[in-house]
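Quick note: the coordinates plus some simple rules give every number you see, no bench work behind them. As the structure is a prediction and not an experimental result, all values here were calculated from the model. Because the Cβ atoms are built from the backbone with ideal geometry, glycine has one as well, and the counts that use them run over all protein chains shown.
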Amino acid sequence: PPDDPSERNIRRVINQPDGMDLPRLNGDFHTVCVRTCDGYFFPMSNAASYGDFERDQKNCESSCPGTEMQVFYTRDMDGDAGAMTSSVTGRPYSELPTAYLYKQTNMARPPACGCNAQAQNFEIIAGNPPNPEQSEPEAASAPFAPLPAAKPDPGADPETLANAEGGLDRDAIKRLAEKPATSP
């Protein structure tokens, strides 16, 4: 629908006020996922249309949970990365306050900046003692190891094996063959 707010936003971002020539834009964009905390980016789609921006934004966010991510797009990946445009704000990458920050070796990356950085816990690797609030697993909760079952005789025929599994053996066959005692 022409009054769909997300479509209006996409038209605004790609500078198409009336949106009349949007269909010819299908597949003309390269989308890039940008971590806004340090400007690090990586490719998402090589032939995206404006309708793919929302999908790419969701994929971008899921690739780095816990960190703000934005999709930027460009028509030519060989050009200047600073000319990429944000699908959210419509501003070029070069105007992002953290653009290219990841390339600066003398700048420390913010602690919460990284893919799932807040969920990482490297205390054990670092040699720090374990957290006393975490309890050790109880011995009773150890996994149960099943005992192996006896293997059937490979020379036995399938009917004999089925009879044995069902509890039918020679004694049971003899009992079934006996005639029940009848009363006079």
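Taking Lys and Arg as +1 and Asp and Glu as -1, the other residues whose beta-carbon sits under 12 Å from that of T74 total -3. With both labels modelled 7 Å from their Cα along Cα-to-Cβ, the D28 to S63 distance reads 2.4 nm. Derived scalar couplings between HN and Hα for segment 68-73 equal 5, 10, 9, 8, 10, 9 Hz in order, rounded to whole Hz, by the Karplus curve 6.51 cos²θ - 1.76 cosθ + 1.60 (θ = phi - 60°), x for Gly and Pro.
Here segment 32-60 is scanned for amide nitrogen atoms under 19 Å from the site 7 Å beyond the Cα of A108 along Cα-to-Cβ, giving 37-39.
Full extension of the chain between E159 and E54 gives 31.7 nm of extra length, using 0.36 nm per residue less the Cα-Cα distance. Hey, quick one: spin label on Y100, modelled 7 Å out along Cα-Cβ, who in segment 26-69 has an amide N within reach, i.e. under 16 Å? So the set is 38-41.
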